[in-house]
1. Looking only at residues that are among the acidic types (Asp, Glu) and surrounded by 15 or more Cβ atoms within 10 Å (Cβ to Cβ) in segment 267-302, which one is farthest from LYS253 (Cα to Cα)?
2. Report, by residue number, each residue of segment 160-182 that is out of contact with any helix residue (DSSP H, G or I) (no Cβ under 8 Å at 6 or more places or on another chain) and crowded, with 19+ Cβ neighbours inside 10 Å.
3. For the subset of segment 17-31 comprising residues that are surrounded by fewer than 16 Cβ atoms within 10 Å (Cβ to Cβ) and touching a residue at least 40 places away in the same chain (Cβ under 8 Å), which member is nearest to the chain's Cα centre (by Cα)?
4. Consider segment 223-246. How many of its residues are surrounded by 14 or more Cβ atoms within 10 Å (Cβ to Cβ) and more than 28 Å from CYS55 (Cβ to Cβ)?
5. Check every one of the strands (runs of 3 or more DSSP E) wholly within segment 152-271 and list those with 3 or more residues that are outside the structural domain of ALA317 (by TED's automatic domain parsing).
6. Determine which member of the set ILE166, ILE142 is touching a Lys or Arg at 6+ places or on another chain (Cβ under 7 Å) and among the hydrophobic types (A, V, I, L, M, F, W, C).
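The values are calculated or read from the model by the stated rules, or taken from the named source; none is laboratory data. The structure displayed is predicted, hence computed values, not measured ones. A quick note on method: Cβ atoms are made from the backbone with ideal geometry, for glycine too, and the neighbour counts reach across all protein chains shown.
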Amino acid sequence: MRAVCARKDLYQGVQTVSRAIAGRSAWPILNNILIRTEPGHLRLTAFDLELGIECTAPATIEEEGSLTVPARLIAEVLSTLPEADVQISVDEQNMVNVKCEKSDYMLLGLPPEEFRPLPEIPDDRSLEITQAALRDTIKQTIFAVSPDESRAILTGILLVLSGDEIKLVGTDTNRLAIRTATVGKAAGEASCIVPRRAFDELSRMLEDDESAVTISIADSQIKFVVNGVTIVSRLIEGQFPNYERVIPGAYEKKLTMPAEEFLARVRRASIVARENANRVVLRTDGDRLIMTAESGDVGKAYEELEIVREGEDIEIAFNAKFLIDFLSVVGAEGIFMELTGPLSQGVMKPVGRDDYLYVLMPMQVM
């Protein structure tokens, strides 16, 4: 094959798909990018058998064909070439030739026949959702996903498609984030666990606009199509925990407070709290919320905030980091905090919306 492509377009395509390469595979072909010609463009694909990304770059096709080249090498070469047209070709020994003005590189590739194609995913269980809505939905749940690889089920986000609604659920057993959003075109119902890595890479590509993302779900794979880029990911097998049973059915106390002011106070108190397991103690006194943190190695913190309280006074402790994670993405002027007792989980919600729920386990008050 032989094609000519603007350096910027080819480099951008290589950077996009390279994110699918984990970089630790024992199989050399999984560290390579497949580049193949199609009318008017090059199609670039990277796939490490868990995650695959595919995109196109406009090009003039001089000779049809395909090649594979190490992702890291081609990216480094392209990043340093001048802003001009690049000619890329391959010979019968799989030597990839990259030319740009007076620069000429030969990179050792592998036979394209060794490259595993992305799995085909039918559209019988699919949906469309705006980029802005999906971006917010991911952002407001992904922080609650567990980093503990020993419990694979909790390292992903539960995705539930039902009717015209999509629900994402993330939990690490200490907290639970649930976000729902309305979808456009939807076909079928589905429930699956999507690895965090897939949503991380998708989030990088989402923009704050109303253009559509198409999601298709198969038994073991999921596909996202956005802005001309296709992401395919293997799903996590297993049964997601019954998260609904940890959501309190009722509450005895309800606090209403401004989100930004509460966030600012938690951040300041966390400077002391991080030396004591991130523990901050919240205590109500009428229409005041008093926040304290204490560490024998650092000192003490005291913060006060005006709130609206329903029910009796309460004293309860939470992990400051877990509070900050929610407050940083809630996207509302005010929040509700629904509480029962010092050892019962609390529920936090944005004021004026019923599409977002955060359940947080308390810590011992000390």
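1. Residues of segment 267-302 that are among the acidic types (Asp, Glu), as a first pass: 275, 285, 287, 294, 297.
Filter once more, keeping what is surrounded by 15 or more Cβ atoms within 10 Å (Cβ to Cβ): 275, 294.
On the way: GLU275: 29, GLU294: 25 Å.
Among those that are among the acidic types (Asp, Glu) and surrounded by 15 or more Cβ atoms within 10 Å (Cβ to Cβ), it is GLU275.
2. LEU161
3. Kept after step one, since they are surrounded by fewer than 16 Cβ atoms within 10 Å (Cβ to Cβ), are these residues of segment 17-31: 22-28.
This time we only want the ones that are touching a residue at least 40 places away in the same chain (Cβ under 8 Å), so: 23, 28.
Details: GLY23: 20, PRO28: 27 Å.
Result: GLY23.
4. 4
5. Numbers: elements: 156-162, 165-171, 175-182, 190-195, 212-217, 221-226, 229-234, 253-258.
Once the strands (runs of 3 or more DSSP E) in segment 152-271 are filtered for at least 3 residues that are outside the structural domain of ALA317 (by TED's automatic domain parsing), what remains is 156-162, 165-171, 175-182, 190-195, 212-217, 221-226, 229-234.
6. The unique qualifying residue is ILE142.
For every residue, the table says whether it meets (1) more than 30 Å from SER203 (Cβ to Cβ); (2) in contact with a helix residue (DSSP H, G or I) (Cβ under 8 Å, 6 or more places away or on another chain); (3) buried (at least 19 other Cβ atoms within 10 Å of the Cβ).
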| site | (1), (2), (3) |
| --- | --- |
| VAL86 | no, yes, yes |
| ASP91 | yes, no, no |
| PRO117 | no, no, no |
| ASP123 | no, no, no |
| ASP148 | no, yes, no |
| ALA152 | no, no, no |
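This table checks each residue for (1) closer than 17 Å to GLU114 by Cβ; (2) surrounded by fewer than 18 Cβ atoms within 10 Å (Cβ to Cβ); (3) in contact (Cβ under 8 Å) with a residue 24 or more places away in the chain.
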site: GLN15; (1), (2), (3): no, yes, yes
site: ILE33; (1), (2), (3): yes, no, yes
site: GLY40; (1), (2), (3): no, yes, no
site: THR45; (1), (2), (3): yes, no, yes
site: LEU49; (1), (2), (3): yes, yes, yes
site: CYS55; (1), (2), (3): no, no, yes
